[in-house]
1. If you scan the stretch 1-29, which residues turn out to be part of a loop (DSSP other than H, G, I, E, B), open to solvent by 40 Å² or more (accessible area, probe 1.4 Å) and at pLDDT below 95?
2. Have a look at L120, L100 and point out the one that is closer than 20 Å to A59 by Cβ and more than 14 Å from the chain's Cα centre (by Cα).
3. Would you check if there is a residue in the stretch 60-81 being under 26 Å from S125 (Cα atoms) and over 15 Å from the mean Cα position of the chain (by Cα)?
4. Please work out which residue is farthest from L136 (Cα to Cα), limiting yourself to the stretch 30-43 and to residues that are surrounded by fewer than 20 Cβ atoms within 10 Å (Cβ to Cβ) and either touching a residue at least 40 places away in the same chain (Cβ under 8 Å) or under 14 Å from the mean Cα position of the chain (by Cα) (or both).
5. Is the stretch 54-66 home to any residue that is aromatic (F, W, Y) and farther than 23 Å from I131 by Cβ?
6. Which residue out of K119, K91 is among the basic types (K, R) and closer than 15 Å to C10 by Cα?
7. What helices (runs of 4 or more DSSP H) lie completely within the stretch 45-143 and have 1 or more residues being touching a Ser or Thr at 6+ places or on another chain (Cβ under 6 Å) and open to solvent by 30 Å² or more (accessible area, probe 1.4 Å)?
8. With respect to K112, is the statement that it is in contact (Cβ under 8 Å) with a residue 12 or more places away in the chain, closer than 13 Å to G53 by Cβ, out of contact with any helix residue (DSSP H, G or I) (no Cβ under 7 Å at 6 or more places or on another chain) and among the basic types (K, R) true?
Amino acid sequence: MKVKVGIIICDRYRRCAGGKCFRSLQKREGAFARYKDMDVEVVGYTTCDGCPGGNIEYAVDEMTGNGATVIHLATGLIVGYPPCLRINHFKDYIETKYGLEVVYGTHPIPQKYFLMHEKLGTWKSPMWQKIIQPTLVDEELRLEYD
């Protein structure tokens, strides 16, 4: 069975070519480790369209039309300064409207972002601990994504 994935990135990174996301998917690292022994196809890649995330409903409509079964909210939504304050709203909306699984993150958290957010205390809450879990890897791998 093929898993069809849609990826939504933060609009701050709208010029991103997706290199880290696609590399981590190919290597099955970060949030893509869950697909270790599965065939995966990316059926959509776009931004949220900036705050407050107006592209979420339209992008996911297209992605589901292309067969998406899982939506990944990219790591940029987690590691940016500040992290996306609407990430839980995006997840709730997509799961409720489309019945799709939503995964926090794509590629592993780069070390430079990990260190800064540790200093800032951004991810201390239980909510953020849950959000970063799929992309929280060891230091060696985080350094590879710096």
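The values are calculated or read from the model by the stated rules, or taken from the named source; none is laboratory data. All values derive from a computational prediction rather than experimental measurement. Every residue, glycine as well, gets a Cβ built from its backbone with ideal geometry; the counts of neighbours run over all protein chains shown. For accessibility, only protein heavy atoms count, side chains too; no ligands or nucleic acids. Shrake-Rupley method; radii C 1.70, N 1.55, O 1.52, S 1.80 Å.
1. Correct list: M1, R14, R15, C16, A17.
2. Checking each option against the conditions leaves just L100.
3. Checked the stretch 60-81: at least one residue is under 26 Å from S125 (Cα atoms) and over 15 Å from the mean Cα position of the chain (by Cα).
4. Looking at the filtered set, the residue picked out is V42.
5. The answer is yes; a qualifying residue exists.
6. The match here is K91.
7. Helices (runs of 4 or more DSSP H) meeting the threshold: 87-98.
8. no
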